[in-house]
Amino acid sequence: MPGVFIDVELSDEARGDAELAQKLSDACPVDIFAAGDGGTEIVEDNLDECILCGLCVDAAPAGAVTVKKLYDGTSLSR
Ligand code: SF4
């Protein structure tokens with residue numbers, strides 16, 4: 001199930017970067033990122049557990065990760 005309150009978008013480069021996948025997987029306290037064979041996978045069932053800590057945004061290059069707050073239209077990114 002996709003999130004009702006939160007969506008996370010990855011740039012194409014971020015999606016295919018296995019090293020970044022592991023960083024994101026390690027950074028997120030609620031396991032929204034999984035390191036798969038081809039790079040980063042989003043664990044949709046966990047999206048609404050996001051606590052908006054920003055650790056994923058900080059762990060990735062600028063523009064790679066955007067955490068979207070679907071309930072107010074704002075987002076976390078850099
Ligand atoms: S903001 Fe925090 S809880 Fe939300 S996806 Fe990023 S690391 Fe996970």
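The values are calculated or read from the model by the stated rules, or taken from the named source; none is laboratory data. All of these numbers come straight from a predicted model, not from anything done at the bench. Backbone-built Cβ (ideal geometry, glycine too); neighbour counts: all protein chains shown.
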Output yes when any residue across region 3-22 is touching a helix residue (DSSP H, G or I) at 6+ places or on another chain (Cβ under 7 Å), hydroxyl-bearing (Ser, Thr, Tyr) and not in a strand (DSSP E or B), and no when none is.
no
Would you mind telling me which numbered condition in (1) over 10 Å from the mean Cα position of the chain (by Cα); (2) more than 9 Å from the ligand (Cβ to nearest atom) SER25 fails?
(1)
Select from region 30-68 the residues that are part of a loop (DSSP other than H, G, I, E, B) and surrounded by 18 or more Cβ atoms within 10 Å (Cβ to Cβ) and write down the one among them that is farthest from the ligand (Cβ to nearest atom).
ALA64
Under 8 Å by Cβ, and 6 or more places apart or on different chains, what pairs join a residue from region 57-78 that is over 17 Å from ILE42 (Cβ atoms) with one that is β-branched (Val, Ile, Thr)?
ARG78/VAL57
Of all residues in region 15-29 being of a type in the set (Asp, Glu) and either surrounded by fewer than 18 Cβ atoms within 10 Å (Cβ to Cβ) or within 15 Å of VAL67 (Cβ to Cβ) (or both), which is modelled with the lowest pLDDT?
GLU19
Residue by residue through region 1-14, note down the ones that are at pLDDT below 95 and closer than 15 Å to ALA59 by Cβ.
GLU13, ALA14
Lone qualifier among GLU9, GLU49, GLU19, GLU13 - being within 10 Å of the chain's Cα centre (by Cα) and among the charged types (D, E, K, R):
GLU9
Report, by residue number, each residue of region 15-46 that is within 17 Å of ALA62 (Cβ to Cβ) and among the β-branched types (Val, Ile, Thr).
THR40
